[in-house]
Structures are given as structure tokens and as C-alpha cells.
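Structure record follows, encoded as C-alpha cells.
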Ligand SMILES: *Cc1c(COP(=O)(O)O)cnc(C)c1O
């Protein structure tokens, strides 16, 4: 279980146990870090896992899905239209008919319990800082960081999707359900999506190779690469006050590189 996905799952696993559920069901794309982490968590903590995957099956399975399967996850493919309606009562009750009783973990793992888990990330940082940055997919992680800061410092998210202004509303609702709606020391930057989710260009790839060869820290172009590109660009544009100390949260996601480097053979990440 890598990166932020463990923090998002932790209290969901406890809740599933408490409710006496033996099976976790969740949703994701074919390269999803969340599917990967849920499969691993199921194996470690003895839950059956069902992964509802967007689109059709492609054989051989990519590295993400074959890892999931090897860890005991049952994979089931949902056409894109039904997938879009995955939160509707109709689709959920079809899944219940097919798979029986399960504990539902939402796509990307984001819910109130995920926010509670990501709150704890703040306590693990033992240096002083002014800003904490993270990439945003669903923004559950950012909501957790904000709630962990409790009004101190500033949390800055970088949207990895295009047109993601809805994320600010989503963070608002997540903060509200976790009793933190008064916190305003945060923002989401929408400028570094590079064309959309999982899209990238040579400027981003060159940045990633330079960053990794300088720091020896591996990053990937879906989440952490976009955030770090954004941080460096904002530093150049004087967005941050002089002398600020910026923490960038490495949210993981390196497993996805294996599938990606196959998809785009010409790009050499490291
Ligand atoms: C899922 C994921 C994110 C996004 O987290 P959200 O809580 O959905 O915003 C960021 N980075 C990596 C590596 C991820 O796998």
C-alpha cells in the first residue's frame, strides 16, 4: 500500500471490520493506485476485495491489475456509461445482487474516514513549514491536510485534472462533514493539469527527469510530477513569500509508472 492511499483506507478498514463486513468493493481505472492499494490492504488484513474497473478488459493485464489479481482481488469491468453512474442506487443494487454484501469504498477512497486518516499525515512532519503542498485527484488528501493543520500554515493543492474548480466545492463539503468548515488557510491551484488527467507533455517529462537526477527522488507524471512542476513554477513567479519553507507531500503512485512506461515507450523517465 503506497503513499496517501494507506492513510485514506486505514479508518475505512476499521469501519468495515466493525460492521462485520468481510468484503471490500471499490472502483477505479485500469492504472489506479487506489485499486492497487485496496488489493494489497485486503491481502494484508484478510478482506475479500472486488475491484470494479472502468471500461473493458484488456489481456494480458497491465502491471497494476495483475498485482491486484495476484493479491486476490476479483476484477469486474463496467462499461463507461454504467461506470459514470456508479454511485447511483441502480448500479449499486446491481452490484449487491451480483456480489452479495460488501463494504463500499468510493472511487479514489475519498470519504469522511479518508479525511480522518489523512489528517494524521501532518503529525508525521517534524520540521517547521509555512506551506504544505499535495497533488489533488479527488482532494480527499488535501481536505485531510487542511483539517490536520487546524488553521495554522497554508495547504496548497495542485489539481491534476482539467477544469477542476469543482474540487474547491468538494473540499468544502469534506471539511464540513468532518467538522472543519471554518478553515480557510488553503487553496487549489488549477493551472498545472497539462491538458487533463494522465496527460503530459515533454516540458513535464523533462522537468521530471531533471528533478529525479538532481534529487534521486523518483516521481511520476500523473500526480507528484505535476505538483512539483507547479511548485517550482510558482517559486519562479514569486507566489510564495520570500524565505517561506515549503513541504511537498510525496503521495506515492510509483507503481503506475510501470504501466505508463509501457504505454509511452519513447519517454525515458529516469
Ligand atoms: C490518489 C492519488 C492522489 C490524489 O489523492 P486525492 O485524495 O484523490 O486527491 C495523489 N497522488 C497520488 C500518487 C495518488 O495515488
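What follows is calculated from the coordinates using simple rules that are stated; it is not laboratory data. Since we're looking at a predicted model, the values are computed, not measured. Reconstructed Cβ throughout: ideal geometry from the backbone, glycine too, with neighbour counts over all protein chains shown.
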- Classified through the alpha carbon gyration tensor (a ≥ b ≥ c as square roots of its eigenvalues; rounded if a/c is under 1.5, else prolate when a/b is larger than b/c, else oblate), the chain comes out oblate
- Task: May I ask you to order 18-25, 209-216 by the average number of other C-beta atoms within 10 Å around their residues, highest value first?
- Result: 18-25, 209-216
- Task: Considering the convex hull of the alpha carbon atoms of the range 174-259, report its projected area averaged over all viewing directions, in nm², one decimal.
- Result: 7.5
- Once the mean of 1/r over all distinct C-alpha pairs in the range 112-259 is inverted, the Kirkwood radius in Å reads 15.6
- Before anything else, pin down the relative contact order of the chain: Cα pairs under 8 Å, at least 6 apart, normalised by residue count, whole percent. 19
- Within 10 Å, count the other beta carbons around each residue, average over each peptide in 243-253, 129-139, and list them highest first. 129-139, 243-253
- Task: Using only C-alpha positions, report the orientation-averaged shadow area of the convex hull of the range 173-213, nm², one decimal.
- Result: 4.8
- Item | On Cα atoms only, tilt of 166-177 relative to the major axis of the chain in degrees | 70
- Message: With every atom except the alpha carbons ignored, what do you get for Rg and Dmax of the range 1-60, in angstroms?
- Response: 11.8, 37
- Regarding the range 64-164, what are the three Cα extents along the principal axes, ordered largest first, in Å? 50, 32, 24
- Item | Whole-number percent relative contact order across the range 5-109, with pairs defined as alpha carbons under 8 Å at least 6 apart | 35
- Task: Once you've got the GNM for the chain with C-alpha springs shorter than 10 Å, pick whichever of 32, 147, 181 has the biggest mean-square fluctuation.
- Result: 181
- Task: Subtract the Cα-Cα distance of residue 17 and residue 239 from 0.36 nm times their separation in residues, and report this length gain in nm to one decimal.
- Result: 75.4 nm
- Please work out the Cα center distance from the range 1-59 to the range 193-243, rounded to the nearest Å. 28
- Message: I want to verify a result. In a Gaussian network model of the chain, Cα cutoff 10 Å, which of these has the top mean-square fluctuation: 48, 206, 33?
- Response: 206
- Note on the structure: Computed over the chain: longest principal axis from alpha-carbon atoms vs helix 89-99 long axis, angle to nearest 10 degrees, is 60
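Let me have the relative contact order for the range 1-53, percent, based on Cα pairs under 8 Å that are six or more residues apart. Spell out each step's value before the answer.
On the way: 52 pairs, mean separation 22.2, N = 53.
It rounds to 42 percent for the range 1-53.
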- Note on the structure: For the range 33-113, Rg(Cα) over 2.2 N^0.38 Å is 1.07
